[in-house]
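*Asks:* Have a look at this one.
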Amino acid sequence: MNTTHRTAMNAVLGLVFVTGLGLTAYLIADSWGGLNWLFDFVAGVVAGLLALLRGPQRTWPVAGGLAVAAVAIVVARVADLPQEPGPVTALALAVLVGSGIRTLPGPRAAAVAAGGFTVVVGTWLTALPDAAGFTVVTVVNTVTWLVAVALGIALRAAGRAS
């Protein structure tokens, strides 16, 4: 992938993150009131920046994104905030997981997939008392993780074939 292509892709991804952050903040403020949107916004900004800083063979943005999502789940639950990770954090984490699976050596790629799965399980566990775990957040996090793993594996295999 050349630099121009990567820059254009990151510009579009950044625009999606900014739009998603604004929309999510508005929707949380409208439904929860007060400053309850702020935590999701900060988690989304940090995860989004880490996704934009990803690169081949870079473990630290992936590890950081997984840590942000895991901490967000716990803090949101303890502080009685909207369920985390929110949509932008989930998308950023999917980009990081897919990229990590695609580019990192086998054992680290497997650890990235497992870390992403742990975040998904944590999301489901925080939603279990409500609606048997089925919330928009749990479904979005599960689907984005599944797509990230599938695309990461497919792109990894395609890279080996060429």
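The values are calculated or read from the model by the stated rules, or taken from the named source; none is laboratory data. This is a predicted model, so every value here is computed, not measured. Methodologically, a virtual Cβ is constructed for each residue, glycine included, from the backbone with ideal geometry; neighbour enumeration extends over all protein chains shown. Note: areas computed on protein heavy atoms with side chains; ligands, DNA, RNA excluded. Shrake-Rupley method; radii C 1.70, N 1.55, O 1.52, S 1.80 Å.
*Asks:* Six or more apart or on different chains, Cβ under 9 Å: which pairs go from a residue in segment 91-107 that's in contact (Cβ under 8 Å) with a residue 12 or more places away in the chain and among the hydroxyl-bearing types (Ser, Thr, Tyr) to one that's outside any helix (DSSP H, G or I) and open to solvent by less than 20 Å² (accessible area, probe 1.4 Å)? Could you list them?
*Replies:* Taking only residues 6 or more apart or on different chains, the pairs are Ser99/Gly55; Thr103/Gly55.
*Asks:* Okay, moving on. Does Gly20 meet the test of being touching a residue at least 40 places away in the same chain (Cβ under 8 Å), in a helix (DSSP H, G or I) and touching a Gly at 6+ places or on another chain (Cβ under 9 Å)?
*Replies:* Yes; evaluated as a whole, the condition is true for this residue.
*Asks:* Only one of (1) open to solvent by 10 Å² or more (accessible area, probe 1.4 Å); (2) not in a helix (DSSP H, G or I) fails for Ala114. Which number is that?
*Replies:* It fails just one condition, (2).
*Asks:* Val62 is checked against (1) closer than 19 Å to Val18 by Cβ; (2) out of contact with any Asp or Glu (no Cβ under 8 Å at 6 or more places or on another chain); (3) of a type in the set (Val, Ile, Thr) and fails just one. What number does that condition carry?
*Replies:* So the condition that Val62 fails would be (1).
*Asks:* Hey, another quick one. Look through segment 23-60, keep the residues that are hydrophobic (A, V, I, L, M, F, W, C) and not in a helix (DSSP H, G or I), and return whichever of them is most open to solvent (accessible area, probe 1.4 Å).
*Replies:* Step by step, filter segment 23-60, then rank; the result is Leu35.
*Asks:* Next up: Would you check if Ala90 is among the aliphatic types (A, V, I, L, M), in contact with a Ser or Thr (Cβ under 9 Å, 6 or more places away or on another chain) and within 25 Å of Leu125 (Cα to Cα)?
*Replies:* yes
*Asks:* For segment 61-97, which positions are open to solvent by less than 10 Å² (accessible area, probe 1.4 Å) and more than 13 Å from Gly48 (Cα to Cα)?
*Replies:* Within segment 61-97, Ala72, Ala76, Glu84 meet the criteria.
*Asks:* Okay, next question. Taking interchain pairs and intrachain pairs at least six residues apart, which have beta carbon atoms under 8 angstrom, with the first residue in segment 134-150 and closer than 12 Å to Val121 by Cα and the second among the aromatic types (Phe, Trp, Tyr) and modelled with pLDDT of 95 or more?
*Replies:* From segment 134-150, the pairs are Trp145/Phe117.
*Asks:* Does segment 8-23 contain at least one residue that is closer than 14 Å to Gly116 by Cα, of a type in the set (A, V, I, L, M) and either at pLDDT 95 or above or in contact with a Ser or Thr (Cβ under 7 Å, 6 or more places away or on another chain) (or both)?
*Replies:* Within segment 8-23 (the criterion being closer than 14 Å to Gly116 by Cα, of a type in the set (A, V, I, L, M) and either at pLDDT 95 or above or in contact with a Ser or Thr (Cβ under 7 Å, 6 or more places away or on another chain) (or both)), the answer is no, since none of the residues qualifies.
*Asks:* Quick one: in segment 117-133, of everything that is open to solvent by 40 Å² or more (accessible area, probe 1.4 Å) and not β-branched (Val, Ile, Thr), which residue is modelled with the highest pLDDT?
*Replies:* Among those that are open to solvent by 40 Å² or more (accessible area, probe 1.4 Å) and not β-branched (Val, Ile, Thr), it is Phe117.
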